[in-house]
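So the structure is just underneath, and the comments pick up after that.
The numbers here are math on the coordinates, done by the rules we state, and not lab data. In this text the structure is predicted, and so the values were computed from the model without any measurement. Virtual Cβ from ideal backbone geometry, glycine too; neighbours counted across all protein chains shown.
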Amino acid sequence: MEAYSKKRRLVGTKPNTPVPPPIDSDITEMFSMLEIQATFWGGDRRSSALHLERMRDCEIAVGEIPKEFKDIRDAWRMVFPILLRAIHLRLAQSNAGTPLSSDAKLSHAPMITLAPVAGDAQHAELRSVLSQFRQWASAFEPFLRRTKNPLVSTDVLKNVMTLYIYYLAAFMWAASGSANRADYYRCYTKELCELVRVCKMMSDVNDEYFSLDIRIVMPLQVVAMNFRHRALRKEIIGIYSQLPRREGMWDAAMVIKVLSWITEIEEVGLVDEEYVPEDCVATVTGLKVDAENRTAVIQCLQGVRGCPGQTIPKENTVYWWETVGSSVEKPLHHQKGMAGI
């Protein structure tokens, strides 16, 4: 599909040469959705160079964002390449070393464990991605205004709100890719509250069918794991407990176990802080899931309160056939008690 698109662009630069027909938009949309799910959950073994190439292809695919979307399908199609551009920016850095062999074991859910961007060029690219998201949001705003009309149909409302969730989650995830926490941490409280509000509203009409699309589990996970607003995180755990066990590729029962343990270790000693303090955040470095036995091994580095730059490695095994909070923790006695970030 990429090769065909490049051929069309190349042919289009030649005079008096007929341009091949474009790929059907529904096919493009489906493959974009698959690529997003594959990179967010299953991992991506492609080299840094290929990710950089895909990042540029996605930037071209976005093109010029209109001042206002005339059709909601156009808004859907445009948000995919913006998110993919952000994903490939992060993966280009993550896979900059030796590519994984085809039989190498992957930690699951790389969307949780991806390192932030590093370097001036990468941060400039990230700022450009966030600028595109803001332009998209401005063009989408008229659709949000129309949903306030009491006569709007349920199907229209659901379609607009689902896309709104998609945008908010994608934007929040991309923003949290900065290596400097001050660029995003504590900066988006309004947006985080809005995302949780809309997810909670949509959870009441959550259709129980398999979908490859991002719906509620992953967006709420971005709020809870990337931004750590304490009250919202507590509310999210409650929302998860009411959802069907599976939502497409995402297992809500597994996510709630991971999130509950991270919450448990980060909340120690906290009283009235709105957010988890930066120096005691537990950064997930590995998540190995055994879906058959319904267990997951979580590895993280947790900051030491009052000791910037120092972390303690922790590991925990959670089981999701039990009640929320049930887990067996393994202290890593064989590792050093302190490690630099």
### Task
Take peptides 77-84, 313-320 and line them up by average Cβ neighbours within 10 Å, highest first, as a rough protection proxy.
77-84, 313-320
### Summary
So, with points 7 Å from each Cα along the Cβ direction, the Leu151-Glu278 label distance in nm works out to 5.1
### Message
Under the rule of at least 5 residues apart or a separate chain, name every residue whose amide H is placed under 5 Å from the amide H of Ala296.
### Response
Asp290, Val318
### Message
Considering the Cα positions of the stretch 156-200, please state its Rg to one decimal place and its Dmax as a whole number of Å.
### Response
11.7, 39
#### Entry: ³J(HN,Hα), Karplus 6.51/-1.76/1.60, whole Hz, each residue of the stretch 310-320, x for Gly, Pro
10, 9, 10, x, 9, 9, 8, 10, 10, 10, 10
### Summary
So the pair-distance distribution of the stretch 248-303, from every Cα-Cα distance in 5 Å bins, comes to percents of 4, 16, 27, 21, 14, 11, 5, 2
### Query
For the stretch 302-308, what does the Karplus curve 6.51 cos²θ - 1.76 cosθ + 1.60, with θ = phi - 60°, yield as ³J(HN,Hα) per residue in whole Hz, taken in order and with x for Gly and Pro?
9, x, 9, 4, x, 10, x
